[in-house]
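Participant: Please see the structure below; I have some questions.
What follows is calculated from the coordinates using simple rules that are stated; it is not laboratory data. These numbers were taken from a predicted model, which means no experiment stands behind them. Every residue, glycine among them, receives a Cβ derived from its backbone with ideal geometry; neighbour counts consider all protein chains shown.
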Amino acid sequence: VVAPSSVALSQATVREGIVEFAVGQPDPTLLPAEALGEATRRALQRFGGDAIGYGAESGPGPLIDWLIEHLGRIDARAPSTSELMTTAGNSHALDLVANVFTRAGDVALVEIPTYHLALGILRDRGLELVGVATDGDGLRPDAVRDALSRSRAAGKRVSLLYTIPTFGNPTGRTMPIERRYEIAALAAEHGFVVAEDDVYRELSFGEPAPPSIGALDEGGWVLRMGSFSKSLAPGLRLGWLSGDARRIRAVLDSGLLISGGGLNPITALAVAEFAAAGAYEPNVAHLRETYRSRRDGLIGALREALPDATFDVPAGGYFVWLRLPRGLDSRELRAAAEAAGLTYVPGPAFDASDALDPSWLRLSFARYGSDDLALGARRLGTVVAARR
Ligand SMILES: Cc1ncc(COP(=O)(O)O)c(C=O)c1O
């Protein structure tokens, strides 16, 4: 028996009796621990010590070969081997992209709202963050143009645009294909790199996602970041980066990869074994089905409990983006919500430019079954009703 450690196993705090809508992480029972254990054993058997030596910088062949085929199935274009590398997840891919293609003091354009934890990665690199307006179809190209002109007029270099065009965090919204072409064209015209965060692509509840911006890009300015965090398990810390071969080469030539070799080689080989055994597709199908039913449960309960709140029905991903009625401020309501037994993330957390109406908030439906989600929605309804 191992003595309990005072150090936690997990990043998320999930308390008994509270519906933690703030936690954008999957329910651990959805993570295939046993099958990944077997896949790891098979990888070690097949490759022996090579599986645990320093790995090829691009990631190991068995995973790269599978990923190329897989991306051809789930996106409009499969990368070639020189256009693809593994990373330690999306967060790491964004850090690598910012490291190689920006300089401290540059401007990075980010959506209002965007994934709040990406803001920290970009700030760590010394970038100045400028928020760009979005609408129901995601990032607005006219607002990108305005931000470019304003930054230039202020003597700043814009070197990066970070966007989540598919089942975005926190909005769940998806950018239509015409805009994707426009964003790729703007990047080529103005010479900035697009870091396209595509982590939710495979979690679609109806129609498949449109092609990634990266798959439509002809100018070589778009780098598409993908991850196994949402389709398999976040603790694998495994993802990928694809794009123009010269840009991928530049990332592979960075000091980090040259010193330590490829990221997470044994994990990558285990995932390759998992996929080769035919386990990947059924796992994603199960996740899609589960999250779709959780989304439906939450949306139905919100409609009853908060009839005058505004929200879209997300077509994929983890989140419902909700606007409280009567101009209620999500930051001010948070303590009362917690006392009533639920958490959420207030909308302003997702805004680098302080421009967002604070009535917005984000609810995650990834962590709980429909009964708990409905309970949380009813609690939120009671808290909101008490503020009349
Ligand atoms: C939009 C978005 N990007 C990236 C991440 C983190 O990805 P990874 O675990 O691959 O670093 C998340 C996780 O919540 C996310 O929602």
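Participant: Note down all Cβ pairs under 9 Å where the first residue falls in segment 204-227 and is in contact (Cβ under 8 Å) with a residue 60 or more places away in the chain and hydroxyl-bearing (S, T, Y), the second is more than 14 Å from the ligand (Cβ to nearest atom) and assigned to a loop (DSSP other than H, G, I, E, B), and they're at least six residues apart or on different chains.
Facilitator: From segment 204-227, the pairs are S204/A315; S212/D75; S212/A76; S212/R77.
Participant: Find the residue count for segment 26-78, including only residues that are within 16 Å of S227 (Cβ to Cβ) and out of contact with any helix residue (DSSP H, G or I) (no Cβ under 8 Å at 6 or more places or on another chain).
Facilitator: Residues that pass the stated criteria total 3.
Participant: Among the residues of segment 20-61, how many are at positive phi and surrounded by fewer than 19 Cβ atoms within 10 Å (Cβ to Cβ)?
Facilitator: Number of matching residues: 1.
Participant: Shifting gears a bit: Looking at R331, R303, R326, R295, can you tell me which residue is of a type outside the set (S, T, Y) and at positive phi?
Facilitator: None of the others qualify; the one that does is R326.
Participant: Do the conditions hold for A22, that is, is it in a loop (DSSP other than H, G, I, E, B) and closer than 28 Å to Y200 by Cα?
Facilitator: Yes; evaluated as a whole, the condition is true for this residue.
Participant: Only one of these is surrounded by 21 or more Cβ atoms within 10 Å (Cβ to Cβ), closer than 19 Å to P211 by Cα and touching a helix residue (DSSP H, G or I) at 6+ places or on another chain (Cβ under 7 Å): Y162, Y181. Name it.
Facilitator: That would be Y162, the only listed residue that is surrounded by 21 or more Cβ atoms within 10 Å (Cβ to Cβ), closer than 19 Å to P211 by Cα and touching a helix residue (DSSP H, G or I) at 6+ places or on another chain (Cβ under 7 Å).
Participant: Can you find a residue in segment 264-272 that is free of Cβ contacts under 8 Å to residues at least 60 places away in the same chain and away from the ligand (no atom under 16 Å from the Cβ)?
Facilitator: no
Participant: Sticking with this one: Answer yes or no as to whether G278 is crowded, with 17+ Cβ neighbours inside 10 Å and either within 24 Å of D27 (Cα to Cα) or touching a helix residue (DSSP H, G or I) at 6+ places or on another chain (Cβ under 9 Å) (or both).
Facilitator: So G278 does not fit the description; no.
Participant: Related question: Where in segment 236-333 are there helices (runs of 4 or more DSSP H), lying fully within it, with 2 or more residues that are among the aliphatic types (A, V, I, L, M) and closer than 23 Å to G72 by Cα?
Facilitator: Filter on segment 236-333 gives 245-252, 265-276, 280-305.
Participant: Could you grab me the full set of residues in segment 349-377 that are under 12 Å from W321 (Cα atoms) and assigned to a helix (DSSP H, G or I)?
Facilitator: F350
Participant: Can you work out which of the residues in segment 171-219 that are assigned to a helix (DSSP H, G or I) and touching a Leu at 6+ places or on another chain (Cβ under 6 Å) is farthest from the ligand (Cβ to nearest atom)?
Facilitator: H190
Participant: Can P265 be described as over 15 Å from the mean Cα position of the chain (by Cα), under 15 Å from H70 (Cβ atoms) and not small (G, A, S)?
Facilitator: For P265, the condition - over 15 Å from the mean Cα position of the chain (by Cα), under 15 Å from H70 (Cβ atoms) and not small (G, A, S) - is not met.
Participant: Also, I was wondering about something else. Does F311 satisfy the condition of being in contact (Cβ under 8 Å) with a residue 60 or more places away in the chain and aromatic (F, W, Y)?
Facilitator: no
Participant: Go through segment 350-371 and count every residue that is closer than 27 Å to R292 by Cα and surrounded by fewer than 19 Cβ atoms within 10 Å (Cβ to Cβ).
Facilitator: Count: 3.
Participant: If we keep just the residues of segment 79-136 that are aliphatic (A, V, I, L, M), more than 16 Å from S227 (Cα to Cα) and part of a helix (DSSP H, G or I), which is farthest from the ligand (Cβ to nearest atom)?
Facilitator: In this case the residue turns out to be V100.
Participant: Please tell me if L380 is in contact with a Gly (Cβ under 8 Å, 6 or more places away or on another chain), outside any loop (DSSP other than H, G, I, E, B) and aliphatic (A, V, I, L, M).
Facilitator: It is false that L380 is in contact with a Gly (Cβ under 8 Å, 6 or more places away or on another chain), outside any loop (DSSP other than H, G, I, E, B) and aliphatic (A, V, I, L, M).
Participant: Is it fair to say S330 is away from the ligand (no atom under 16 Å from the Cβ), more than 26 Å from A209 (Cα to Cα), in contact (Cβ under 8 Å) with a residue 60 or more places away in the chain and hydroxyl-bearing (S, T, Y)?
Facilitator: no
Participant: For Q11, which of the numbered conditions (1) surrounded by 14 or more Cβ atoms within 10 Å (Cβ to Cβ); (2) part of a loop (DSSP other than H, G, I, E, B) fails to hold?
Facilitator: All conditions are met except number (1).
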